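Below is one structure, written out as structure tokens, with a few remarks after it.
The values are calculated or read from the model by the stated rules, or taken from the named source; none is laboratory data. Values in this document were obtained by computation on a predicted structure and should not be read as measured data. Virtual Cβ from ideal backbone geometry, glycine too; neighbours counted across all protein chains shown.
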Amino acid sequence: AQHDEAQQNAFYQVLNMPNLNADQRNGFIQSLKDDPSQSANVLGEAKKLNESQAPKADNNFNKEQQNAFYEILNMPNLNEEQRNGFIQSLKDDPSQSANLLSEAKKLNESQAPKADNKFNKEQQNAFYEILHLPNLNEEQRNGFIQSLKDDPSQSANLLAEAKKLNDAQAPKADNKFNKEQQNAFYEILHLPNLTEEQRNGFIQSLKDDPSVSKEILAEAKKLNDAQAPK
């Protein structure tokens with residue numbers, strides 16, 4: 001019975017040793033079956049082999065490998081194939097961890113969306129504002145947009161020029177209709193549920209007859225509400 005217990009215990013431990021390969025594990029299990037009285041010795045031998053095959057967690061390569069794994073898993077601009085390739089290379093040769101990590105970083109940066117440079121933010125902002133300047137005609141608007149695409153570094157200057165032209169073409173803002181018209185323009189431009197065609201239709205009506213600005217705005221709001229996603 002004592003042999004039985006020692007054998008059971010040894011079986012259990014050998015089955016759970018993480019660093020044995022299948023052949024080694026099966027060899028120890030077979031020895032335990034062949035001679036349960038040797039269970040303690042077989043177990044001692046298995047433990048020794050398991051320890052000698054443990055990954056060296058405190059050596060330099062291992063820490064570098066762990067660190068590289070973690071960083072590569074969190075690089076936002078790699079695709080799955082690239083990520084998996086680097087991870088596989090790390091497993092194949094941990095001593096190359098530092099080189100692989102620096103290669104992965106380089107690729108990650110080269111694939112980053114170019115949204116963080118200064119010109120790009122200025123260009124985005126200028127696009128948006130120029131699209132919403134109410135007193136430019138289509139030709140003028142398209143001209144400014146094209147210039148922005150051609151040379152984003154000129155965004156601030158182009159926007160200033162567009163604003164100047166927009167102001168120069170503004171209807172004279174001191175009468176009552178005009179303020180109502182300006183307000184209606186602004187609100188209609190920001191109604192989220194109108195199609196471009198509907199929006200342009202209302203804007204055109206406002207230009208044609210500013211005296212009915214309030215009515216046009218009310219109509220636009222009604223249509224916007226009716227088209228709101230349910």
Within region 119-138, is there a residue that is surrounded by fewer than 16 Cβ atoms within 10 Å (Cβ to Cβ) and in contact (Cβ under 8 Å) with a residue 40 or more places away in the chain?
-> yes
Hey, which of the helices (runs of 4 or more DSSP H) in region 84-154, taking only ones fully inside, have at least 1 residues that are more than 30 Å from LYS63 (Cβ to Cβ) and modelled with pLDDT of 90 or more?
-> 138-150
For region 42-52, does any single residue satisfy the condition of being surrounded by 17 or more Cβ atoms within 10 Å (Cβ to Cβ) and assigned to a loop (DSSP other than H, G, I, E, B)?
-> no
Residue within region 159-180 that is within 38 Å of the chain's Cα centre (by Cα), exposed (fewer than 12 other Cβ atoms within 10 Å of the Cβ), among the charged types (D, E, K, R) and assigned to a helix (DSSP H, G or I) present | yes
Restricting attention to region 71-83, the residues that are under 16 Å from ASN99 (Cβ atoms) and either among the acidic types (Asp, Glu) or not in a loop (DSSP other than H, G, I, E, B) (or both) number exactly 3
Determine whether region 196-210 contains at least one residue that is outside the structural domain of PHE127 (by the TED database), touching an Asp or Glu at 6+ places or on another chain (Cβ under 8 Å) and at pLDDT below 85.
-> yes
Complete set of residues in region 125-154 that are in contact with a helix residue (DSSP H, G or I) (Cβ under 8 Å, 6 or more places away or on another chain), under 28 Å from ASP208 (Cα atoms) and among the small types (Gly, Ala, Ser) | ALA126
Selection over region 139-158 where residues are crowded, with 17+ Cβ neighbours inside 10 Å and either among the aliphatic types (A, V, I, L, M) or touching a residue at least 60 places away in the same chain (Cβ under 8 Å) (or both) yields a count of 2
Would region 187-195 turn up any residue that is modelled with pLDDT of 85 or more, within 32 Å of the chain's Cα centre (by Cα) and among the β-branched types (Val, Ile, Thr)?
-> yes
Can you find even one residue in region 211-219 that is surrounded by fewer than 17 Cβ atoms within 10 Å (Cβ to Cβ) and of a type in the set (Gly, Ala, Ser)?
-> yes
